[in-house]
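Note sheet for the following structure.
Taken together, the values in this text are just the output of simple stated rules run on the coordinates, not laboratory data. The model shown is predicted, which means the values in this text are computed figures rather than measured ones. In this analysis, Cβ positions are derived from the backbone assuming ideal geometry, glycine residues included, and neighbour counts consider all displayed protein chains.
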Amino acid sequence: MTYVDWKILRMRLNRDLEVFYNGGAFAREEVKHYALIDAAHLHAAKRIDMIERLPENISLFGLSEERNIARFGPLLIPLGKTAQSFSSQITLETMRYGWTVSYISSTLSPEDLSIHLAGYLNGVLADRTDVVVRYYDTRLFSDFLKNFNLSTCSELFAPIAIWAWWDGQMKFQVKEGDFCSSYTIIENLNISVEQQEAMAVAATDNFIIGSIIFQVESDEFVRWLPHTLHLAMRKKLAEARALGLSKLSDLQTYVAISLSIHPNFFEMVPDFNCEQCNLREGKIGMEEIILRVPDCEWNRLGTLGETIIECFRQSVNQEVFDGMNEEC
């Protein structure tokens, strides 16, 4: 990523953080402020280095059935009283590396809030299969809230005054809780078949994006801000589905080629257009077509695509930055 890009995005994030801190709940002295960080978006070495820089925190996984990965679990961090406090700024800094952060206000102590939140990590499907509910990943949180039943949402937000986060489109979301002194502690979240299907759709894009980032050479994406790269990949996934692609491997391949060789490769290579119906019906896969295209054609597309990819990167950045300007 470029320093200028991060500097502009950080201005936007700081302004959003001020909105959170200026919420009405903060007029009450007993309200405490927290950051909830998803620390699973970096390779191990970088992740350990960043975690060691964080203020004192509580791992929610350490309070759940995922204790074996508690070090990298969602981390609850008590914050200072202002947006410019050290603890607030260091949590914001993690977004530079692709982590997701949400901010919570509550009257609960760190220990009580962490126990409350940890209860929603472990889900039980209709067939009694145990799953991890990754609501703490803010790119999924909005979709999950839409599919939690009303009683679950009410229980989750009962002791919360305000919960704020940046969603998958980098839009700042703020939801007020019930701010109740009484609430229910749960150990497992029962998930219906309908909820499971809806949540699976929301989580699929994240899975595809994560697998591409780890599989493709890191220098392919070195100029991207991690969160705008995620948004760009979401756009390309939507584009692939609009073309009729549905197989996981086809979706992964479409996005990877779009952002590493040429964003418009599909319409520029005749073989893909000719086989679109077969691709849509699952009679053939993207990999089979790729093997037909000679290396010299891929090299040509790659040369042409360098400028187009950079223009696309800047346009996605600008979309996020313009959102900042529109809200000012």
Separation of the Glu187 and Trp6 label points, Cα + 7 Å toward Cβ, nm = 4.4
Average silhouette area of the stretch 216-327, convex hull of alpha-carbon atoms, in square nanometres = 7.4
key: Full-stretch length increase - Leu291, Lys32 - with 0.36 nm per residue and alpha-carbon distance subtracted   = 87.5 nm
remark   = Taking Rh as the Kirkwood radius computed over alpha-carbon pairs of the chain and applying Stokes-Einstein at 20 °C with viscosity 1.002 mPa s, one gets a diffusion coefficient in µm² s⁻¹ of 100
request  = Hydropathy first: keep DSSP H helices in the chain averaging at least 1.0 on Kyte-Doolittle, then drop any whose Cα extent along the axis falls short of 20 Å, and list what survives.
outcome  = none
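Taking the convex hull of the Cα atoms, report for the stretch 143-236 its projected area averaged over all directions, in nm².
If I average the Cα hull's projected area over directions, I get 7.8 nm².
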query = Given the convex hull of the Cα atoms of the stretch 82-164, what is a quarter of its surface area in nm²?
reply = 6.6
note = Check: C-alpha center the stretch 203-237 vs C-alpha center the stretch 125-183, spacing in Å is 24
query = What is the spin-label model distance, in nm, from Gln173 to Glu319 if the labels are put 7 Å beyond Cα along the C-beta direction?
reply = 1.7
Relative contact order (%) - the stretch 3-191, alpha-carbon pairs under 8 angstrom, separation at least six = 22
query = Which of the GluC sites (Glu not before Pro) found in the stretch 192-250 are loop residues per DSSP with 11 or fewer other Cβ atoms within 10 Å of their Cβ?
reply = Glu217
Radius, Kirkwood style, for the stretch 268-317 when every pair of distinct Cα atoms is counted (Å) = 12.5
message = At a threshold of 8 angstrom on Cα-Cα distance, excluding pairs fewer than six apart, so keeping six or more, what relative contact order does the chain reach in percent?
response = 15
inquiry  = Contact order normalised by length for the stretch 252-306, with contacts defined as Cα pairs under 8 Å and 6 or more residues apart; what percent is it?
reply    = 47
task = Please report, in whole Å, how far the alpha carbons of the stretch 3-191 spread along each principal axis, starting with the longest.
result = 50, 40, 30
inquiry  = Just to be sure I understand the model, the point goes 7 Å from the Cα along the line to the Cβ. What's the resulting Val124 to Gln276 distance in nm?
reply    = 4.9
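Of the peptides 198-208, 249-259, how do they stack up when ordered by the mean number of other Cβ atoms within 10 Å, highest first?
Top of the packing list down: 249-259, 198-208.
Need the full-extension length gain, Asp49 to Ser85, defined as separation in residues times 0.36 nm minus the C-alpha distance. One decimal, nm.
10.9 nm is the gain from fully extending Asp49 to Ser85.
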